[in-house]
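Notes follow the structure.
None of the figures in this text is laboratory data; all of them are computed from the coordinates on show. Everything numeric in this text was worked out from a predicted model, so none of it was measured. A quick note on method: Cβ atoms are made from the backbone with ideal geometry, for glycine too, and the neighbour counts reach across all protein chains shown.
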Amino acid sequence: VSVSKARTEESQKSKSPMFYEVRIAPSDGELDSIATDGIRQQSGGKDIAKIETEDGVIYFIIGPYAKKEDAEKLAEFVKAMGIGEVICDLAGMEKENE
């Protein structure tokens, strides 16, 4: 393996994957079964994770999505349901070059 090829491969491995996710903050802190079923159907079976921030806000996170367009499509569907605040954002982090 040439030095340049090894450096290229090493730099690609030093970055964690970047992906998109949809975050939902329901006004009452919960997703009912109708909303959950609709999200699962529209998301193509993506994972739904529930987290609570330090300040007590509950989010449901759906993803990961490789394409922003796919995440935005789900975000628009959820917005149309009127559940609460919906955010479509990039997730994952790149490591800084050392």
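Results, tabulated for the structure shown:
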{"read-out": "Integer Hz, Karplus 6.51/-1.76/1.60 couplings in order for the stretch 50-59, x for Gly and Pro", "value": "10, 10, 10, 6, 4, 8, x, 7, 9, 10"}
{"read-out": "Span per principal axis, largest first, for the Cα atoms of the stretch 1-90 (Å)", "value": "57, 30, 16"}
{"read-out": "Local net charge near Thr36, Cβ-Cβ under 11 Å (Lys/Arg +1, Asp/Glu -1)", "value": "-1"}
